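Just so it is clear, none of the values below were taken in a lab; they were calculated from the coordinates. Please read all numbers here as calculations on a predicted model, not as lab measurements. Note that each Cβ is placed from the backbone with ideal geometry, even for glycine, and that neighbours are counted across all protein chains shown.
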Amino acid sequence: MESRRVGADPLELLRGLVLAVLVIGLLGTVTELVLLEHYEQVLQLIPVVLIAAALGATIWQLISKSAASLRALEIIMILFVLAGFAGVLAHFHGSAEFQLDLNPAMSTWELLEKVMRAKAPPLLAPGMMLQMGLLGLIYVYSNVRYRGRLSRWFGSLTQKE
């Protein structure tokens, strides 16, 4: 017979692991942004500020386990997702502007190809913000406070006819 320890809920273990992966991603990303001096313009500060807010909300959530801390983390993670999309657009625009300064006569296809291959700014780097935001939302929505809502949202996807 299998014995179960008190507090050995597999979902809570997974939630903790998701949060640990998120924190590792936050610390790694903010370190990279600081090393790359990704704060020279005001817009470049957005991911740094969001990461600081996420780390603060995560610590608050770990200490208090309150609904307010969970809600704060949810809002910040939604902002992460939006910042990820906005960052890709900003990187695209900055790279396209640079490429057109070098060669104003290039075709749209050539421009797109150059932007996709550019190393500075890397087009898909802001996608990390999107991934961390989604990871944070998985943590938030797997909380007992949200599970009912999550079941209603996705329950129809898992039900068989």
Alpha-carbon centroid distance for the pair the stretch 24-40 / the stretch 73-110, whole angstrom: 18 Å
Size of charge dipole - the stretch 14-142 - debye, nearest 20, with Cβ of Lys, Arg +1 and Asp, Glu -1, no other charges: 540 debye
If the convex hull is drawn through the Cα atoms of the chain, its volume per residue in Å³: 176 Å³
Table column - 3J(HN,Hα) (Hz), the stretch 101-108, Karplus curve with 6.51, -1.76, 1.60, x for Gly and Pro: 5, 6, 8, x, 8, 5, 6, 4
Sequence of Lys119, Lys65, Lys114 once ranked by neighbouring C-beta atoms within 10 Å, starting from the fewest: Lys119, Lys65, Lys114
Förster radius 41 Å - calculated FRET efficiency between Leu112 and Leu62 (Cβ-Cβ, nearest 0.05): 0.40
For the chain, with +1 on Lys and Arg beta carbons and -1 on Asp and Glu, the positive-most of Ala67, Phe85, Leu33 along the dipole: Ala67
GNM flexibility winner over the chain from Val115, Val88, Val34 (Cα, springs under 10 Å): Val34
Length released on extending from Val48 to Leu35, taking residue separation times 0.36 nm less the Cα-Cα span: 3.5 nm
